[in-house]
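Undergrad: Please read through the structure below; I'll follow up with questions.
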Amino acid sequence: MSTRAGHGLARRDTALTELMDDPDCDPRALAATYRRFDTVNRLVSAWGRVYRTRVRPELRALARPARVLDLGCGGGDVVVRLAGLAARDGLDVEWVGADPDPRALEAARERSRPGGRFVAAGSRELLAAGEKFDLVVSNHVLHHLDAAELRAFADDSLALSRGAVLHADIARGRLAYGLYAVGITPLAAGTFLRVDGLRSIRRSYREPELAAALGTPWQVQTPAPFRLLAVARGRADAEAEEAEDAAVSGGARGDAQGRADA
């Protein structure tokens, strides 16, 4: 590991940008990267475990059809994998992957399956459209965001969910960096996987850092080695009830004023 890389792991290196985030990056390498994310995420992201311990119990507890959102879905491999696991368990779920990047959506739509869809939208657009979900997840989004963007993304995800919100990301560390640098080599040819993966690790949080950045009501856990999971309960139902109460209260005040004017 280089001296610079070692130094960069002592704290988040937020000055780094990923090659695939460049709108002028090589489209062939980008497409190959999106295609291989499925394999990479199956190896490192621990969504199988998160599904068993978090997603499946949440969906079963509803005892009705559910809606799940993957916010910032990228190439769509995580939401397609979760949909497959839920279908195997006989769960009735509508799956929505949302990403504002049209290049990601093009790759994601190649993975489309019955019961799921992909939309070109960010959290703001989904909220403006009045969308609500029973569960909101994301994978490897948080480390891309600056402080203001992180707060907005986290708050929006809470407002979109009636149930749990689960944001998964990398835990920054020397061992994770070293193992990834070696382990990704067989899959990296013709892609951005090695450069961007290492940059992602250097941009990522450690558990106390992410907990401090997110604040209340978030809890940050380590579901697997080199992984972080930020967990909170959504407030979509609470906000809907508050809006309804405000409307009723406003109507009552209007009626009272009308009687007074009469």
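The values are calculated or read from the model by the stated rules, or taken from the named source; none is laboratory data. Worth saying up front: this structure is predicted, and the values here are computed from it rather than measured. So basically every Cβ, Gly included, is an ideal-geometry build from the backbone, and we count neighbours across all protein chains shown. We work out accessible area using only protein heavy atoms, side chains counted, and drop any ligands, DNA or RNA first. Shrake-Rupley method; radii C 1.70, N 1.55, O 1.52, S 1.80 Å.
Undergrad: Count the DSSP beta bridges whose two residues both fall in the chain, then state the antiparallel fraction as a percent rounded to the nearest 5.
TA: DSSP beta bridges in the chain are roughly 35 percent antiparallel.
Undergrad: I would also like to ask the following. Could you do me a favour and compute the accessible area per residue for the chain, 1.4 Å probe, result in Å²?
TA: It amounts to 50 Å² per residue over the chain.
Undergrad: While we're on this one: Would you kindly calculate the translational diffusion coefficient of segment 13-156, applying Stokes-Einstein with the Kirkwood radius from alpha carbon pairs, for 37 °C and a viscosity of 0.692 mPa s, and quote it in µm² s⁻¹ without decimals?
TA: Diffusion coefficient, whole number: 206 µm²/s.
Undergrad: With a sphere of radius 15 Å drawn around the Cβ of residue 209, what net charge do the other residues whose Cβ falls strictly inside it have (Lys, Arg +1; Asp, Glu -1)?
TA: Overall, the nearby charge balance is +4.
Undergrad: Right, another one. Across every pair of different alpha-carbon atoms, what Kirkwood hydrodynamic radius in Å does the chain reach? Show your work: numbers first, answer last.
TA: On the way: mean 1/r = 0.0510 Å⁻¹.
Its Kirkwood hydrodynamic radius stands at 19.6 Å.
Undergrad: Something else now. What value, in deg cm²/dmol to 500, does the helix sum -39500 (n - 2.57) over DSSP H runs of n ≥ 4 give at 222 nm once divided by the residues of the chain?
TA: Calculated mean residue ellipticity at 222 nm is -15000 deg cm²/dmol.
Undergrad: For segment 32-109, which whole-number percentage of the solvent-accessible area (1.4 Å probe, protein heavy atoms only) is attributable to carbon and sulfur atoms?
TA: On segment 32-109, the fraction of accessible area on carbon and sulfur atoms equals 50 percent.
Undergrad: Taking the Cβ of residue 138 as the center, what net charge do the other residues with Cβ under 12 Å away carry, scoring Lys and Arg +1 and Asp and Glu -1?
TA: Details: positive: none; negative: 70, 99, 156, 169.
Residues close to residue 138 contribute a combined charge of -4.
Undergrad: OK, next. Order 14-22, 165-173, 106-114 from most to least packed using the mean count of other Cβ atoms within 10 Å. Walk me through the numbers on the way to the answer.
TA: Details: 14-22: 14.0, 165-173: 23.2, 106-114: 16.4.
Those peptides, ordered most packed to least, come out 165-173, 106-114, 14-22.
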